[in-house]
Amino acid sequence: QVHLVESGGGLVQPGGSLRLSCAASGYISSFDARVWYRQAPGKQRELVARITRGGSTNYADSVKGRFPISRDNAKNTWHLQMNSLKPEDTAVYYCNTEVLRTAAWVARGYWGQGTQVTVSS
């Protein structure tokens, strides 16, 4: 059974930085992409960043250039470095993995509790 634990969230002023970490226990295929999603109040959960086994990355337009994603396969962890934070980045952030099925990435059901990120002065 896979268990994901997010950490690193908190309250930060606009322009500040946070580094989110995801620690995984249980077996996760190395072929799975590692991802970060977020859900703001009253909004749907959205993909923030994805990193594949080969290191290819995808980002939501709203975070491109600000939120680099990285993974450490040996430690089964992945991270989201959040720079130049804006109030609109306020959300609960979730890590997960995705599997490629017929040319589309599909999130697995490994959702954890998430970590709250609040950007406010």
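The values are calculated or read from the model by the stated rules, or taken from the named source; none is laboratory data. Quick caveat, the model's predicted, so the values are computed rather than measured. Neighbour counts run over all protein chains shown; Cβ positions are idealised from the backbone, glycine included. For accessibility, only protein heavy atoms count, side chains too; no ligands or nucleic acids. Shrake-Rupley method; radii C 1.70, N 1.55, O 1.52, S 1.80 Å.
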*Put a dot 7 Å past each Cα toward the Cβ at N58 and Q116; how far apart are the dots in nm?*
3.1 nm
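May I ask you to derive the relative contact order of the chain, considering only C-alpha pairs under 8 Å and at least 6 residues apart, and to give it as an integer percent? Walk me through the numbers on the way to the answer.
Values: 290 pairs, mean separation 42.4, N = 121.
This gives 35 percent for the chain.
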*For K64, solvent-accessible area (1.4 Å; no DNA, RNA or ligand), Å²*: 120 Å²
*Identify all lysines with a Cα-Cα distance to K86 below 29 Å; exclude those on the same chain that are fewer than 8 residues away in sequence.*
K43, K64
*Straight-line reach from K75: which aspartates and glutamates have a Cα under 20 Å away, not including same-chain ones fewer than 8 places off?*
E6, D32, E98
*How many nm is it between the label spots at I28 and W105, if each spot is 7 Å from the Cα in line with the beta carbon?*
1.3 nm
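Report, please, the projected area of the stretch 71-121 averaged over directions, based on the convex hull of its C-alpha atoms, in nm². Before the final figure, lay out the partial values.
On the way: hull surface 20.5 nm².
Result: 5.1 nm².
Rule-of-thumb check for the chain: C-alpha Rg over 2.2 N^0.38 Å? Intermediate values should be presented prior to the final figure.
Values: Rg = 13.6 Å, N = 121, 2.2 N^0.38 = 13.6 Å.
Taking N as the residue count of the chain, the ratio is 1.00.
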*To the nearest Å, what is the center-to-center distance of the stretch 21-61 and the stretch 71-88, using C-alpha atoms only?*
9 Å
*Residue farthest toward the positive end of the dipole of the chain, with Cβ of Lys/Arg at +1 and Asp/Glu at -1: which of T102, G114, G9?*
T102
_With a 1.4 Å probe and all protein chains kept in place, how much accessible area does L18 have, in Å² rounded to the nearest 10?_
30 Å²
_Under a Cβ-only charge scheme (Lys and Arg +1, Asp and Glu -1), can you give me the dipole magnitude of the stretch 1-97 about the Cα centre, in debye to the nearest 20?_
120 debye
